[in-house]
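These notes are about the structure you will find just below.
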Amino acid sequence: MSEQILIGGQWRDGADGERISVADPATSDEITTVAAGTPADATAAVDAAAAAQPGWAATAPRERAEVLRACWSTLLDHQDELAELITGEHGKPLADARGEVAYAAEFFRWNSEEAVRIHGSMGTAPSGNNKIIVRHPPVGVVVMVTPWNFPAAMITRKVAPALAAGNAAVVKPPAETPLTALRVADLLQQAGVPDGVINVVPTADSAAWFEAATEHRATRMVSFTGSTAVGKLLLKRCADRVLKVAMELGGNAPFIVFADADLDAAVEGAMVAKMRHSAETCTAANRFFAARAVAAEFTAKLANAMSEVRVGSGFDDGVTCGPMINPAAIESISGLVGAAVGDGAEVALGGSAIDGPGFFYEPTVLGGVAPGAGITRHEIFGPVAPVIPFDDHDTMIDNANDTEMGLAAYVYSADLARAMRTAERLESGIVGINRGAMSDPAAPFGGMKQSGLGREGASEGIYEFCETQYIAASW
Ligand code: SIN
């Protein structure tokens, strides 16, 4: 197991010898400790990245593509081992963790295919006096701050396109899940990523780490996935240095069920949209709008499906929802559910935290929730589904859009034209029609409004990690 920080191809302890305790959220027992990076280590990591990046950028795109393809197959060769690390430190069921490793690896396969297709253009200026040549060189050194909910995939979603474009990465994984990050980096090095092109430095002091990493003159970009609140703080810091940013922030996804929807399919989709990866995704369905004619039946069917969820350690056979990440998550979910019940929601299922050890919450369905109730204004990040009956299509769309967030949305209807018209009116970067899962490295992932800036994946994803240079040339 890699339990040290990785800088310039060297594994070592942090400058002050401190360590971070990594715990299993299913028991709250310590699994192990990892070296904690200091601000000086963040600076050293940017130094190493800056030294390695020009050589990597000068490597032929085909060669970079082949290294990325080797990363894809190496990660898959270690799928079970990585899944066990993910389940150990995050808690999600092993099947979800295996799925995450496949998803994480796929970012390398997709971007290996994109690495040789970073196109520019050439045209003649309208005056006829010169050529307008546009090219897309790499940004340089990219600082990446990643979340705990996908300990592998949220790193590879950034590292793969950044490396494909010729950048070098300095990754700060979350203190909750550093083990997966370090092992992934180890495997990427084994697959041929040169020393210094990827550096991983966990820390116990994120603010000081980030300050040092972004103070460094070589840092050109910050890519962050996490909450909108933290994203805003990082954006302010990036403004001081006018750094390029890519931000994948919070969500508050509406899940809309029209009266003509196939209710069984809608419930199946709802379970995926709500419960995948233990309900701790930023795309998670957060507000279920059900047409009043079917709201009671949808609520009952959803409660029935949620009652089949088995909560427990992600290592146990048959478990489909693991623990929440920490006690603060349980406190937040309990507060939201308590307030919703106080506001008049009916508890169709669950409604309480489960006694420890570990941080578990009952799969919960709340019926009869009012459109503006407090629980509809917060990202729940837990296994709680509030159902809001609606009568009027236009009012429902207004309510669905009545949030500062705009990441994902889901629409269930047998009438594709109605579903498409609805999707077009939703202020969300990603809309699923009759689907509960949309994430795909080949598709542009990202949010509107305060859910983020930029897109990850698809062809767009690689250009986030590129500059645009225009050359006016006469000959
Ligand atoms: C996230 O929750 O941050 C990402 C979800 C996904 O990639 O599906």
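Brief remarks follow.
- For SER28 and ALA300, the difference between the fully extended length at 0.36 nm per residue and the C-alpha to C-alpha distance is 94.5 nm.
- Multiplying the residue separation of ARG12 and ILE133 by 0.36 nm and subtracting their alpha-carbon distance yields 39.1 nm.
- Overall, the accessible surface of the stretch 253-440 at a probe of 1.4 angstrom is composed of carbon and sulfur to the extent of 49 percent.
- Coordinate range along principal axes, alpha carbons of the stretch 146-207, Å, largest first: 28, 21, 19
- Given in Å, the Rg to one decimal and the Dmax to the nearest whole number for the Cα atoms of the stretch 359-475 are 18.6, 71.
- Cβ-derived FRET efficiency at R0 56 Å, TYR470 paired with GLU331, nearest 0.05: 0.60
- Ligands, DNA and RNA left out, the 1.4 Å accessible surface of the stretch 80-147 is 51% carbon and sulfur atoms.
- Cβ-derived FRET efficiency at R0 35 Å, ASP77 paired with ASP316, nearest 0.05: 0.85
- Coarse-grained scattering of the stretch 203-319 at q = 0.12, 0.23 Å⁻¹, given as base-10 log I(q)/I(0) from a Debye sum over alpha-carbon atoms: -0.65, -1.22
- The chain: relative contact order in percent, alpha carbon pairs under 8 Å with at least 6 residues between: 19 percent
- Separation in nanometres of the label points that stand 7 Å from Cα toward Cβ, at ASP195 and ALA437: 4.0 nm
- Stokes-Einstein diffusion of the stretch 110-228 at 25 °C, 0.890 mPa s viscosity, Kirkwood radius from Cα pairs, rounded to a whole number: 155 µm²/s.
- Evaluated over the Cα positions of the stretch 253-440, the convex hull gives a direction-averaged projected area, one quarter of its surface, of 9.9 nm².
- Rg(Cα)/(2.2 N^0.38 Å) for the stretch 27-171, N = residue count: 1.30
- Taken over the chain, the ratio of Cα radius of gyration to 2.2 N^0.38 Å equals 1.00.
- Residues of the chain: accessible area per residue with a 1.4 Å probe, Å²: 38 Å²
- Calculated over the stretch 110-168: convex hull of Cα atoms, volume per residue (Å³): 109 Å³
- Among beta bridges from DSSP that stay inside the chain, the antiparallel ones total about 40%.
- The stretch 381-397 and the stretch 103-146: distance between their alpha carbon centers, rounded to Å: 40 Å
- Helix 206-215 vs. the chain, principal-axis angle (Cα, 0 to 90°, nearest 10): 40 degrees
- Volume per residue of the C-alpha convex hull in the stretch 418-475, rounded to whole Å³: 145 Å³
- Helix-only CD estimate at 222 nm, as mean residue ellipticity for the chain, using -39500 (n - 2.57) per DSSP H run (n ≥ 4): -12500 deg cm²/dmol
- Seen from every direction in turn and averaged, the convex hull around the alpha carbons of the stretch 335-385 projects onto 3.3 nm².
The values are calculated or read from the model by the stated rules, or taken from the named source; none is laboratory data. Bear in mind that the values here come from a model prediction, so they are computed numbers and not experimental data. We place every Cβ from the backbone using ideal geometry, glycine too, and count neighbours over all the protein chains shown. Quick note on the areas: whole protein, heavy atoms, side chains included, nothing else; ligands and nucleic acids left out. Shrake-Rupley method; radii C 1.70, N 1.55, O 1.52, S 1.80 Å.
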